[in-house]
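The structure appears right after this line, and notes come after that.
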Amino acid sequence: MIVGGYRRARTTGGPTIAAAIHAHALTKFYGRHLGVEDIDLRVEPGEVFGFLGPNGAGKTTTIRMLLDLIRPTRGRVEVLGRDPRRDGLEVRRRVGYLPGEFGFDERLTALEELAYLDALRGGGSMGRAHELAERLRLDLTKHISELSRGNKQKVALVQAFMHRPELLVLDEPSSGIDPLIQQEVRDLVREARDEGRTVFLSSHVLHEVQHLADRVGIVRGGRLVTVERVHAITALALRRVEAHFAHPVPAVAFDNVPGVRDVVTDATSLRCRMSGSFDPLLKALAPFEVTSLTVEEADLEEVFLTYYRNDAYRSDDHDATGDGAPAAPPVVEARSAETAA
């Protein structure tokens, strides 16, 4: 059953459905350097979950622990109701994983690489691989060594989707690919969700996550600072409002309107920012003849930045890959996310 945009963990009168991902107090230190600490996370079957944070925040470290590619310092995790350490082979067979950097055998053609991976999973997915390659405009006859970074990313995307896994774990799926192909990838994610499969989408491209995810988690400095539904978290951001009137209006008419701030009036116009319910502002506008009203909806990027802009850069935030290098300053990284993709 779909409730509020994602599947419930329990169906009425039926057995409990295991979470697609369930992490408790998941922690990883690289020597003295923090990767992530005390990550508590539950991703329900059938939802698209966005995992947000700048480079170095701990996204990739978390993903690698979910798939038992690295071991946690402490804490535990279940994937599709299984322990990824004890049942790693089964878990990886049921998961489609797109890593941040895919290790290819560059001596092979793209087709040979995909056929090899298909054989490891038991075969039967090459028809789907050809379909995906056509959608992503990928030439399967070329050797991996001949492919651009964007085309290598397409090969990695095909191998993640081609066996129709129950759970897709996608680490920066839009990295290196052009906007037209990015849209195709978004369509693939939506199709997976519509088929009842689960998608765990790690990204710093906020626009992408806003239009795909049911819920988002924001990670900062290795710690999960919030998990919320997308519409609830964007409602916290300020929307920009511009109104024009047939006749001049007194500026004091918009003083002390709940949720309204940064008011600028110019005889027959009003510009402001607001959060929360529209009702108080609409009531303040009602006595006047409004000729036009424009509302610029809140963007997830604004919400994301609220978790960073007021925090001083902490010297103990380290890159989650474990090399000990400091992470990029969060605000700068967040603002440049669209460009970097």
Would you mind checking which residues have amide H under 5 Å from G259's amide H? H placed 1.01 Å from N; only 5 or more apart, or other chain.
none
Amide hydrogen neighbours beyond the local backbone of R220, cut-off 5 Å, H modeled
V225
Stick to the Cα atoms of the stretch 18-233, pair each with every other, and give me the Kirkwood hydrodynamic radius in Å at one decimal.
17.5
Rounded to the nearest 5, the percent of DSSP beta bridges in the stretch 238-296 running antiparallel is 100
Rounded to the nearest Å, what's the spacing between the alpha carbon centres of the stretch 18-66 and the stretch 244-272? Just the number, please.
45
Quick one: 3J(HN,Hα) in Hz for the stretch 89-103, Karplus 6.51/-1.76/1.60 with θ = phi - 60°, rounded, Gly and Pro as x.
5, 5, 4, 5, 5, 8, 10, x, 10, 10, x, x, 9, 9, x
Using modelled amide H (1.01 Å from N, peptide plane; none on Pro or chain starts), what sits under 5 Å from the amide H of Y97, excluding residues fewer than 5 places away?
V169
With θ taken as phi - 60° and the coefficients 6.51, -1.76 and 1.60, list the Karplus ³J(HN,Hα) couplings across the stretch 249-263 in order, rounded to whole Hz; mark glycine and proline as x.
10, x, 4, 5, 5, 10, 6, 6, 7, x, x, 9, 8, 6, 6
Which order do the peptides 45-56, 129-140, 215-226 come out in when sorted by mean C-beta neighbours inside 10 angstrom, highest first?
45-56, 215-226, 129-140
Tell me the net charge near R107. Cut-off is 13 Å between Cβ atoms, R107 excluded, with +1 for each Lys or Arg and -1 for each Asp or Glu.
-4
Debye calc, one equal point scatterer per Cα of the stretch 163-243, no solvent, log10 I(q)/I(0) at q = 0.15, 0.23 1/Å comes to -0.63, -1.21
On each of the three principal axes of the Cα atoms of the stretch 238-296, give max minus min coordinate, whole Å, ordered largest first.
28, 21, 18
From the mean inverse distance of alpha carbon pairs (Kirkwood) and the Cα radius of gyration, derive Rg over Rh for the stretch 108-208.
0.94
Of all DSSP beta bridges having both residues in the stretch 18-233, the percent classed as antiparallel (nearest 5) is 55
Give a residue-ordered list of calculated ³J(HN,Hα) values for the stretch 193-207 (Karplus: 6.51 cos²θ - 1.76 cosθ + 1.60, θ = phi - 60°; whole Hz; x for Gly, Pro).
4, 5, 7, x, 8, 9, 10, 9, 10, 9, 6, 10, 8, 5, 4
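None of the figures in this text is laboratory data; all of them are computed from the coordinates on show. Everything quoted here is computed from the prediction, not taken from an experiment. Note: ideal-geometry Cβ built from the backbone for every residue, glycine included; neighbour counts use all protein chains shown.
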